[in-house]
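Q: A single structure is presented below for examination.
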């Protein structure tokens, strides 16, 4: 049984008014437990609207959203518990920090879950470890930290609730290459350690290609593709018609292959590309 199941889900903003806008239309989607799904699509394609349905921040205009086989809107009184099960971290989450110390900020979610002091402490320490925050930072004000550290604190605040499903909306936005890599490595490590299902919304083809097990492509409010990384990026022409591109390194290898060079085009990161080229120069298979 899939951990996430959307059945004929649509959402219209300002329904019944002259300003009504259809954000997502007739979405049917099943996501299995433990997947790391990269969600891509041009601006306005419906990515953010889609993920906000998964923890009940938005209610479908029509259709059903099921988490662990249960319709999350069947009993409105239980929607709060859904938000503990499905953790959503918005873009630039560091702007939402507000507590006196890092510890208090990370513990906000666990406190609202009604956990004991000992359970809260363990949750905070575990989450801080996931994101690579040193224990001595926990008693500092979050506003004294660097930008990258603030973002880690904000993400840790969601992880501390130990959600079955973690959704990250553009977690690397505004970061330099080093910061981006650190956040992406952290996400991969978190998934390995917890077995959680992770959804990563991103505009970066390189980011999603490098760490995802599957990719979901949104286009014009609908699911255009949902498949493995190889199968999605093998449809480069279709992606380009949607205003999207395959990773630049993939384009290079596609052109090399087109010119008769004996390479595969399923290369999605610069590091992998370098390894393949070194192997090629040494006479190996790539």
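Q: Restricting to the stretch 181-198, and then to whatever is buried (at least 17 other Cβ atoms within 10 Å of the Cβ) and touching a helix residue (DSSP H, G or I) at 6+ places or on another chain (Cβ under 6 Å), can you tell me which residue is farthest from residue 129 (Cα to Cα)?
A: 198
Condition check ((1) closer than 22 Å to residue 24 by Cα; (2) in a loop (DSSP other than H, G, I, E, B); (3) assigned by TED's automatic domain parsing to the domain that holds residue 53) across all residues:
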position	(1), (2), (3)
178	no, no, yes
181	no, no, yes
189	no, no, yes
192	no, no, yes
199	yes, no, yes
215	yes, no, yes
256	no, no, no
262	no, yes, no
265	no, yes, no
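Q: So, in the stretch 89-127, of the ones that are more than 11 Å from residue 158 (Cα to Cα) and within 22 Å of the chain's Cα centre (by Cα), which residue ends up surrounded by the fewest Cβ atoms within 10 Å (Cβ to Cβ)? If you could, list the steps in order and put the result at the bottom.
A: Let us first name the residues in the stretch 89-127 that are more than 11 Å from residue 158 (Cα to Cα), namely 91-92, 94-104, 111-122, 125-126.
Next cut, within 22 Å of the chain's Cα centre (by Cα) only: 91-92, 94-97, 126.
Details: 91: 14, 92: 16, 94: 18, 95: 11, 96: 13, 97: 19, 126: 16.
Among residues in the stretch 89-127 that are more than 11 Å from residue 158 (Cα to Cα) and within 22 Å of the chain's Cα centre (by Cα), the one surrounded by the fewest Cβ atoms within 10 Å (Cβ to Cβ) is 95.
Q: Scan 150, 164 and give me the residue that is in contact with a helix residue (DSSP H, G or I) (Cβ under 7 Å, 6 or more places away or on another chain), over 22 Å from residue 47 (Cβ atoms), surrounded by fewer than 23 Cβ atoms within 10 Å (Cβ to Cβ) and in contact (Cβ under 8 Å) with a residue 24 or more places away in the chain. Step through it out loud before you land on a result.
A: Values: 164 fails: over 22 Å from residue 47 (Cβ atoms).
Step by step, each of 150, 164 is checked, and only 150 is in contact with a helix residue (DSSP H, G or I) (Cβ under 7 Å, 6 or more places away or on another chain), over 22 Å from residue 47 (Cβ atoms), surrounded by fewer than 23 Cβ atoms within 10 Å (Cβ to Cβ) and in contact (Cβ under 8 Å) with a residue 24 or more places away in the chain.
Q: Restricting to the stretch 128-137, name every residue that is surrounded by 15 or more Cβ atoms within 10 Å (Cβ to Cβ) and more than 25 Å from the chain's Cα centre (by Cα).
A: 137
Q: Against the condition surrounded by fewer than 22 Cβ atoms within 10 Å (Cβ to Cβ) and part of a helix (DSSP H, G or I), how does residue 140 come out, does it pass?
A: Details: surrounded by fewer than 22 Cβ atoms within 10 Å (Cβ to Cβ): yes; part of a helix (DSSP H, G or I): no.
Answer is no for this residue.
Q: Give the stretch 267-286 a look and list any residue that's in a helix (DSSP H, G or I) and crowded, with 16+ Cβ neighbours inside 10 Å, or say none. Even if it seems obvious, please write down each step before you answer.
A: Filtering the stretch 267-286 for residues in a helix (DSSP H, G or I) gives 270-281.
Selection gives 272, 273, 276, 277.
The values are calculated or read from the model by the stated rules, or taken from the named source; none is laboratory data. Because the structure is a prediction, the values reported are computed rather than measured. Glycine also receives a Cβ, built like all others from the backbone with ideal geometry; neighbour counts cover every protein chain displayed.
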